[in-house]
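The values are calculated or read from the model by the stated rules, or taken from the named source; none is laboratory data. Quantities reported herein were computed from a predicted structural model and do not represent experimental measurements. Don't worry about glycine lacking a Cβ; one is built from the backbone with ideal geometry, like all the others, and counts go over all protein chains shown. These accessible areas exclude ligands, DNA and RNA; they are computed on the full protein's heavy atoms, side chains included. Shrake-Rupley method; radii C 1.70, N 1.55, O 1.52, S 1.80 Å.
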Amino acid sequence: MSTGPFVTADWLAERLQAPDIVVVDGSWYLPAMGRDAEAEFRAGHIPGALRFDIDAVRDEASALPHMLPSPEAFASRMRQMGIGDGMTVVVYDGMGLFSAPRVRWTLKAFGARDVAILEGGFPAWVAGGHPVEEGEARPRDRRHFTARLDHSAVAHVGDVQRALAGQAQVVDARSAARFAGEEAEPRPGVR
């Protein structure tokens, strides 16, 4: 099944029981937001959804947050979660559109082909009157996931330096105040 970058809550509701679709809650919040993604997941999530924590699915040897793990570590985590080759993955978050794009990018960077974001996230799901499930994620059978890192999806320091010296446009997605150093970094210990 091939989707575009976004699917609607109604589209997902019609296909929620399909064996080749897996729903992933990719919620993550900045510390200043005062929200707990794990607690929110347990309080209510799309039925059958799995929890993808970008603080846990990362390079544990790096002091930097959210660095991509090795392909082997990523494949192992996906197998444990029950996400396998050829599945359609639908990612959402609790804000509507905040951290789900990062989870989609991560999955695509490691070779998942069909990954969509739920338009409007969990708020749109609830507003549409769709069912909600409480508690931990239901265990899924292990699946085989072949992780092949697309190195072109990741820029290293040297790549950015060359881009800045050339004709490429580099975009910083932080707020203007954070970019200018007038506002503190919302994550402790990050420059």
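Tell me, please, whether a residue that is open to solvent by 10 Å² or more (accessible area, probe 1.4 Å), closer than 25 Å to ARG187 by Cα and assigned to a loop (DSSP other than H, G, I, E, B) can be found in the stretch 75-87. Within the stretch 75-87, none of the residues are open to solvent by 10 Å² or more (accessible area, probe 1.4 Å), closer than 25 Å to ARG187 by Cα and assigned to a loop (DSSP other than H, G, I, E, B). Selection over the stretch 126-166 of residues that are surrounded by fewer than 12 Cβ atoms within 10 Å (Cβ to Cβ), modelled with pLDDT under 95 and within 27 Å of THR8 (Cα to Cα) gives a count of 3. Residues in the stretch 35-47 that are part of a loop (DSSP other than H, G, I, E, B) and open to solvent by less than 20 Å² (accessible area, probe 1.4 Å): GLY44, ILE46.
All conditions but one from (1) touching a residue at least 40 places away in the same chain (Cβ under 8 Å); (2) open to solvent by 20 Å² or more (accessible area, probe 1.4 Å); (3) part of a loop (DSSP other than H, G, I, E, B) apply to ALA63; the one that does not is (1).
For first residues located in the stretch 34-52 and charged (D, E, K, R), partners that are crowded, with 21+ Cβ neighbours inside 10 Å and lie 6+ apart or on another chain with Cβ distances below 7 Å form the pairs GLU40/SER27; GLU40/GLY94; ARG51/ASP25; ARG51/PHE41.
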